[in-house]
Every structure is written in C-alpha cells, then in structure tokens.
C-alpha cells in the first residue's frame with residue numbers, strides 16, 4: 001500500500017520520521033514541479049541506504065576526480081569497460097575491481113552523495129511525495145552503506161538553523177562573490193583553513209556560489225558557510241550588494257558555470273552528466289544560447305539526435321545570427337545525411353564568421369557535401 005500526499009499537508013521531515021519510526025522498507029519519491037526536479041530515497045528498515053536526484057550536482061566520477069582519488073584516464077577506462085565489455089557492474093564497483101580506489105573510499109564518496117541529496121530534499125517545502133513499501137529492496141547503489149535517518153534529520157535541522165543565520169549576509173546561492181578591495185586596516189597575512197583557501201581560489205567574479213560548489217564537488221551549504229565567514233572578515237564581498245548586477249546577469253553567470261561543468265563531463269566521456277549540467281544551464285537562463293548548444297552537443301554524443309535537433313532549433317529562435325548555432329545545425333544535418341541542409345547552414349556560418357578558427361575546415365566540409373550531393377543525384381538518375 002502506497003503512502004502519498006502533498007508536502008504542504010505533511011512536511012518532508014515528518015515523512016522521514018514516520019518511515020524511520022515504523023522501520024519501513026521501500027522507496028520514497030518526492031516531486032517538485034516548481035523546481036522541475038525529482039528525488040528518490042531508498043529505505044531499509046527505516047535507515048537510508050541510497051538516494052538520487054534528477055539534477056545530480058555531484059556525479060560519482062566527477063567527485064572522485066576532483067577529490068584527486070582517480071585520474072580522468074581511470075574514469076574513461078572504467079566507462080569504456082561498461083560500454084564495450086558489457087560490464088553490468090556499476091561504475092564504482094568497476095573502479096574498485098581495477099584497484100583505482102579502495103572500497104572504503106568508494107563508500108565515503110557514495111555516502112557524501114546520498115547525504116547531499118537527502119539534505120536537498122529536506123529543504124523542499126512544496127511538492128508531492130509517494131512511498132512504495134516493499135518486502136525486499138533493490139537499490140541501485142554504488143556501495144553498501146546504511147545511514148541513520150535520525151542523524152540525517154538532526155543534521156538537516158542544524159543546517160536549516162545555520163542557514164537562517166547565513167541568509168542575513170548570503171541571501172541565496174545565485175549571488176556572485178568578489179574579492180574585496182585592499183584595505184590597509186586588514187591584516188597583512190590571512191589565517192585561513194584549507195577548505196577556506198579552496199573556496200577563495202575559486203572566486204573569479206563570474207561564478208555564483210552554486211557554480212563554485214559544483215566546480216569543487218562540495219555541497220552548496222559548505223560553500224555558503226565558508227563565503228559567509230569570508231564576508232564577515234571583509235576578504236570578499238557580494239556583487240549583488242556592492243555592484244549593479246541584475247538578475248539576468250546572475251542567471252547568465254550561473255548558466256556559464258553549468259556550461260563549464262557540462263564541457264568537463266563531455267571531455268571525459270560522461271554524456272549523462274554533461275546532459276544534466278547543460279539542462280541546468282538552460283534552466284538557469286532561458287537566454288543562454290551557449291547552454292542550448294552545449295545540451296545539443298551532449299545529446300548528439302549520447303546518440304539522441306532528435307532531441308539535439310530540437311535544442312538547436314530553440315537556439316536558432318533565440319539568436320538567428322549566432323554563427324556557432326549554424327555550425328552546429330550543419331553538423332547535425334550532416335549526421336542525418338541531409339547534405340543539402342548541412343551545406344546551407346555551414347554557408348551561413350561562413351558568412352557570419354569568415355575568419356573563425358574552424359572556417360577553413362567548414363569550407364572543406366561545404367565542398368565535400370556539395371560533391372557528395374551531386375554524386376548521389378547522379379547515381380539516382382542512372
């Protein structure tokens with residue numbers, strides 16, 4: 001029998017507590033139309049054993065790379081084993097089997113993933129929940145972990161309490177931190193902890209807090225807490241507080257950070273993570289043509305060409321004079337075998353950006369497409 005209802009009638013904390021006290025086994029799905037997001041938490045006898053969310057900000061492979069536990073080559077080889085060798089094991093198990101990481105490290109990173117998903121879901125006050133009870137649980141976990149629901153609720157409550165203090169200076173995760181101007185009254189030497197130095201090094205005046213957290217593979221909460229401390233000591237300031245930064249500008253900065261994240265994922269062959277990050281770029285700013293272009297590339301790399309074409313059409317509607325849009329539309333048409341359409345878009349690209357880095361290669365592609373079109377036409381007439 002399923003338990004379900006809107007979160008406005010039964011809060012998410014109450015749902016977790018109910019499942020904990022009744023020692024339930026099954027899956028809890030939470031959907032938010034406002035956030036266009038959905039999370040799933042797997043319970044076994046009241047304890048959390050796994051959790052995932054559609055907008056996963058911390059893919060396991062990226063976490064391990066940023067933590068310095070594996071190299072991009074390790075990740076690429078593991079993914080290659082999954083696809084070419086039809087290895088049914090999950091990515092973490094393959095990395096452990098290849099001795100790229102230890103099982104203890106895998107469990108530590110998976111635990112971090114699960115906790116961050118749960119803390120995100122605990123912050124939702126609107127949406128709909130549904131719990132499906134099961135006699136046995138088949139959780140798609142990367143590692144065997146078991147987290148006390150009570151401890152998660154306590155940490156979640158502590159974060160909410162601390163957020164109420166942080167929000168006085170850090171109103172939301174879309175703010176962009178800047179290095180403060182040098183003040184002679186400041187100490188000459190900074191006495192910062194390693195995690196504070198790590199965040200400080202990521203502040204570039206363009207990325208918002210969510211983008212910095214994604215780049216460091218750390219939680220939004222941790223980054224906001226560190227920035228709050230840096231604000232209190234006068235080391236940084238917020239663009240929204242001290243400069244005429246508009247909401248669209250903040251959205252554009254967020255979108256750019258997600259585009260960078262998608263590009264990094266594509267570079268290591270993680271197509272699904274690239275698609276997720278690119279979708280978040282589009283969601284952050286509807287005007288982000290770069291986000292739609294990146295999403296189209298990621299979808300094309302994953303073999304989802306119809307979806308890629310739809311994103312490119314949307315990008316064309318947003319900016320018909322963008323040469324990169326026509327370049328990608330030409331590439332997409334060529335993959336479908338539409339050489340006439342490919343040549344048309346490539347020629348528009350060349351008119352808009354005749355001196356671009358890729359222009360010589362595109363000119364060759366136009367000539368080849370034209371020759372191939374003539375050959376096909378001639379063979380059809382024989």
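Rule-based calculations on the coordinates, nothing more; no lab input. Being a predicted model, the structure only gives us computed values, none of them experimental. So basically every Cβ, Gly included, is an ideal-geometry build from the backbone, and we count neighbours across all protein chains shown.
Values computed for the structure shown
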quantity: The chain: calculated mean residue ellipticity at 222 nm from DSSP helix runs of at least 4, using -39500 (n - 2.57); calculated: -18500 deg cm²/dmol
quantity: Residue-span extension gain [residue 98 to residue 363] - 0.36 nm each, minus C-alpha spacing; calculated: 90.9 nm
quantity: Hypothetical label at residue 138: residues of the range 1-34 whose amide nitrogen lies under 20 Å (7 Å Cα-Cβ projection); calculated: 1-2, 25-29
quantity: Gained length - residue 302 relative to residue 267, 0.36 nm times residue gap less alpha-carbon distance; calculated: 11.3 nm
quantity: Separation between Cα centres of the range 27-75 and the range 298-327, rounded to whole Å; calculated: 28 Å
quantity: Which labelled figure in [x] 62, 61, 47; [y] 78, 65, 46; [z] 60, 49, 44 is Cα extents along the principal axes in Å, once derived from the coordinates; calculated: [y]
quantity: Kirkwood hydrodynamic radius over Cα pairs of the range 1-130, then Stokes diffusion coefficient at 4 °C and 1.567 mPa s, in µm²/s; calculated: 80 µm²/s
quantity: Residue 55 paired with residue 206, simple spin-label distance in nm, labels 7 Å along Cα-to-beta-carbon; calculated: 2.2 nm
quantity: Two-site FRET efficiency, residue 319 against residue 71, from Cβ-Cβ distance with R₀ of 41 Å, rounded to 0.05; calculated: 0.65
quantity: Rounded Å value of the spacing that divides the Cα centres of the range 191-244 and the range 345-367; calculated: 41 Å
quantity: Exposure proxy ranking, count of Cβ atoms within 10 Å, fewest first, for 197, 346, 163, 124; calculated: 197, 163, 124, 346
quantity: Taking 280, 294 and counting other C-beta atoms within 10 Å, the order from fewest to most; calculated: 280, 294
quantity: GNM flexibility winner over the chain from 369, 157, 201 (Cα, springs under 10 Å); calculated: 201
